[in-house]
């Protein structure tokens, strides 16, 4: 019963209308907490104050990947269960995921300038994120070109899943390509050596960013459902006039 | 002039509205540029050396491949017939479409080119100059490509044929575009002469391109 | 608070982040207003949906 | 005003489509071009408007604006509607009126073809008949003396055909000229007939 209710777009709209204000408030509060922690976090002994950029960079990178995961799940929903809400979820996630991937690239580049002395280095991690951004652009281009939403959704779902399978291969290839040409001689966010005083606000920021993504995604899904409703009504309008 | 403006505005509007048409060229440009380091390696010194060449090649391919459907859609839906019953000569109508294409496809290329130059380790102070060479050179590419787009309608083909027809014609533009860009970065040759020739090529193409394209279209529609 | 010698880059990063988030928020809000307006127009003209809740035809 | 064709010949791809054709149409008069498929009806219309070059002969529009070509004084309605699906109904018509001649009462023209309620709708939603009506709206919006119609009523239902027939009669009463390629009378009252091809 509950599942069927949720799957119904009209019910979904009601649910989204009720949830969105709360989500927005929760996002703002978590950001306030996370930003407060980020601004008061101590400087890193290697990176200095530029570690503050990491509070934006790392959550954006996470959201870039999270967005693609979300789209992959939605793609399964589109292809396996033929569910219209899955179409909507996939389409709404693409521009948001692309935007955060872009933010990850820009903040990474701004972090890199003081660290590397240049805005862009073909570093394995940043390059992989760049390829992810290109994949996002491909999906967006596909959505923009498709005239009929149902067909566009299926095409984009296939592309999303192909991309999901390909991403690990791309990551491996890029790593290999990078080490082949030059050993990386850059400062890295080491996996285990992060100080708790930095880790704590980083987590808070990651949660805040995720809440932001969910809020935006829900709002974008609502818009998409309305857009499809507009489309259906316009078709009826054109037909109605023809038969009148 | 009203007809010219109407056609120009319509094409801009269509490019912005239909399938992100205006951004496709910029995306293609970005992808071509990003692919290059995977082929030649991430060595920044090497990339800095060949950066202007990559930017110019990418910009050229993006401009020309986006031209593919410039006349084909108007031909298929009958718009081209009506365009010829207008009060401006076909040459001017063709020029209006070319200007619209330049505004929606080439201008975004020029705008993102400094960013891509940055990724290719082109010197920061030369980024603006490289963008300037693209700004001055892309009209030549558009208006030369115009002839190919018109011939593609005549031959009812597109895509690669257009590139094969047009790319050899754009060699001078590429030579002087890259020469001007390199002069801006490294010297010692001055920036002025190749840039002036580039501008001259653009001006000549803007005048001659529409005439040739209109002739090709008249032939195509018989 | 001392942002050190690279303060510009840190401030630029936060500015870009604010810009991106603001752009996304503006996009969903404006899109919502637009779709609502079109739906309102259509309903005013007496166009109805045949089946409530059917997302697309 | 008079449309005058003298000893006109046309060939495409080395094949002669028609030759030695002479006819004239006066203002207030309609000429119906008939003939079997492939007899050259469409080619004749395209020749008159100048889309296809004449191999022989001459076509003139006498008594019109001296400096303007036949094309600039004609409305050509071909098989395709020249409608962009991404633009709204109004935007489509506004573009053609601006391109073809300037100021025009677009809403009145849309009312004449019963599309005014759909003005804001993207043209992608229109049916084939509605697209054809939108295409015909430009004949109402922009005044041009010569109408060249290539089977204009094919996609139209009987009501729309009736409406268009009224529009054509009004155009003829205003001193307009119509040359139509058609299989039937196409809603014209007592048109003269020009038969192409072997009898």
- Which residues does a label at residue B:219 reach in the range B:69-91, if reach means a backbone N under 18 Å from a point 7 Å past the Cα toward the Cβ? B:71-72, B:90-91
- Scoring chain A by relative contact order with C-alpha pairs under 8 Å, at least six apart, yields a percentage of 33
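Before anything else, pin down the relative contact order of chain D: Cα pairs under 8 Å, at least 6 apart, normalised by residue count, whole percent.
Numbers: 358 pairs, mean separation 60.1, N = 199.
Over chain D, the number comes to 30 percent.
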- Based on the Cβ-Cβ distance from residue B:50 to residue A:155, what FRET efficiency comes out when R0 is 41 Å, to the nearest 0.05? 0.70
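I need the calculated FRET efficiency for the pair residue B:92 and residue D:68, taking r as the beta carbon distance and R₀ as 22 Å, to the nearest 0.05. Walk me through the numbers on the way to the answer.
On the way: r = 16 Å, r/R0 = 0.72.
About 0.90, to the nearest 0.05.
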- Item | Along each principal axis, Cα extent of the protein assembly as shown, largest first, Å | 96, 74, 40
- Task: Pop a pseudo-label 7 angstrom from the Cα along the beta-carbon direction at both residue A:200 and residue B:4 and give the gap in nm to one decimal.
- Result: 6.9
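Considering Cα pairs under 8 angstrom that are at least six residues apart, work out the relative contact order of chain B and quote it in whole percent. Don't jump to the answer; show the numbers that get you there.
Working: 286 pairs, mean separation 58.9, N = 222.
Once normalised by length, the contact order is 27 percent.
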- With the convex hull built on the alpha-carbon atoms of the range D:64-141, volume per residue in Å³ sits at 89
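In deg cm²/dmol and to the nearest 500, what is the mean residue ellipticity at 222 nm of the protein assembly as shown if only DSSP H runs of at least 4 residues count, each as -39500 (n - 2.57), divided by the residue total? Present the calculation step by step, with values, prior to reporting the outcome.
Details: 24 runs with 474 residues, N = 722.
Helix-only estimate at 222 nm: -22500 deg cm²/dmol.
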- According to a simple spin-label model (label point 7 Å from Cα along Cα-to-Cβ), what is the distance in nm between residue B:200 and residue D:103? 4.8
- In whole angstrom, how far apart do the alpha carbon centroids of the range B:71-107 and the range C:11-36 sit? 36
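Which of rounded, prolate or oblate describes chain D when judged by the alpha-carbon gyration tensor and an a/c cut-off of 1.5?
The shape class here is prolate.
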- Gain in length, residue B:123 to residue B:207, computed as 0.36 nm per residue apart minus the alpha-carbon separation, to one decimal in nm? 26.8 nm
- To one decimal place, what orientation-averaged projected area in nm² is obtained for the convex hull of the Cα set of chain A? 16.4
- Highest-fluctuation residue, B:182, B:43, B:121 considered, GNM on chain B with Cα pairs under 10 Å: B:43
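Taking all pairs of different Cα atoms in the range B:2-221, averaging 1/r and flipping that mean, what Kirkwood radius in angstroms comes out? Intermediate results must be reported in sequence, preceding the final value.
Numbers: mean 1/r = 0.0566 Å⁻¹.
Taking every pair of different Cα atoms in the range B:2-221, averaging 1/r and inverting gives 17.7 Å.
Stretch residue D:9-residue D:37 to full length: gain in nm at 0.36 nm per residue minus the Cα-Cα span? Walk me through the numbers on the way to the answer.
Details: separation 28, 0.36 × 28 = 10.08 nm, distance 1.82 nm.
Stretched fully, the residue D:9-residue D:37 segment lengthens by 8.3 nm.
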- Which FRET efficiency value, to the nearest 0.05, is calculated for residue A:175 and residue C:11 with the Förster distance at 30 angstrom and r the Cβ-Cβ distance? 0.40
- Label-point separation, residue B:12 to residue B:155 (7 Å along Cα→Cβ), nm: 3.3
- Message: Using Cα springs under 10 Å in a Gaussian network model of chain A, which residue among A:92, A:61, A:24 shows the largest mean-square fluctuation?
- Response: A:24
- Item | Inter-part distance where the range A:81-142 and the range B:153-187 are each reduced to a Cα centre, Å | 31
- Note on the structure: Rounded to the nearest Å, the spacing of the alpha-carbon centers of the range B:26-54 and the range D:132-163 is 55
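Bear in mind these aren't lab numbers, they're just calculated from the coordinates by the rules spelled out. On a predicted model such as this, the values are computed, not experimentally measured, just so you know. FYI the Cβ positions are ideal-geometry reconstructions off the backbone, even for glycines, and counts take in every protein chain you see.
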